[in-house]
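The values are calculated or read from the model by the stated rules, or taken from the named source; none is laboratory data. All values reported here derive from a predicted model rather than from experimental measurement. Cβ placement follows ideal geometry from the backbone for every residue including glycine, while neighbour counts extend to all protein chains displayed.
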Amino acid sequence: MPKYKIIYDRKNCISVGSCALLAAEFWKMNPTDDKADLVDGKQNEKQKKDEVFELEIDEKDLHQNKEAARNCPVNVIRIFDEKGKEVTL
Ligand code: SF4
């Protein structure tokens, strides 16, 4: 089954919360700073100071995360396929 990778630029999240409404299993608002957390996302070691998180997802979870990405007003959620090509939202 194809895998996809979410890449989330948390630093630039502006706390709108539509991701958490549209894909609640994957996105939760963090009460500490009101930004979204990518549930189980791993921080990219090379970009630690930039707060970039990554998570691999299966095809069955693609649709809801595409919705989250499409509705993020600052486009800080991006999704890539196995070949590293960005998924069209
Ligand atoms: S939709 Fe985008 S800006 Fe809004 S909380 Fe989610 S990641 Fe942050």
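Select from the stretch 12-25 the residues that are near the ligand (Cβ under 6 Å from one of its atoms) and modelled with pLDDT of 95 or more and list them in ascending order. Answer for the stretch 12-25, where residues must be near the ligand (Cβ under 6 Å from one of its atoms) and modelled with pLDDT of 95 or more: Cys13, Ile14, Ser15, Gly17, Ser18, Cys19. Taking the stretch 61-74 as the range and being surrounded by fewer than 14 Cβ atoms within 10 Å (Cβ to Cβ) and either near the ligand (Cβ under 8 Å from one of its atoms) or small (Gly, Ala, Ser) (or both) as the test, the residues that pass are Pro73, Val74. Could you list all residues from the stretch 9-30 that are in contact (Cβ under 8 Å) with a residue 12 or more places away in the chain and under 11 Å from the mean Cα position of the chain (by Cα)? Selection gives Asp9, Arg10, Cys13, Cys19, Ala20, Ala23, Phe26, Trp27. Filtered by the rule that a residue be more than 12 Å from the chain's Cα centre (by Cα) and more than 15 Å from Asn12 (Cβ to Cβ), the stretch 31-59 gives Pro31, Thr32, Glu45, Lys46, Lys48, Asp58, Glu59.
Kindly indicate whether Ala36 is within 16 Å of the ligand (Cβ to nearest atom), aliphatic (A, V, I, L, M) and free of Cβ contacts under 8 Å to residues at least 40 places away in the same chain. Answer is yes for this residue. Do any residues in the stretch 49-73 that are within 14 Å of Pro2 (Cβ to Cβ) and part of a strand (DSSP E or B) have Cβ atoms under 9 Å from those of residues that are of a type in the set (A, V, I, L, M, F, W, C) and within 16 Å of the ligand (Cβ to nearest atom), where the two are at least six apart or on different chains, and which pairs are they? Cβ pairs passing all conditions: Glu56/Ile6; Ile57/Ile6; Ile57/Phe26; Ile57/Ile79.
Of the residues making up the stretch 6-41, those that are within 21 Å of Thr88 (Cα to Cα) and among the charged types (D, E, K, R) are Asp9, Arg10. Per the listing Lys48, Lys28, the residue uniquely more than 9 Å from the ligand (Cβ to nearest atom) and surrounded by fewer than 12 Cβ atoms within 10 Å (Cβ to Cβ) is Lys48.
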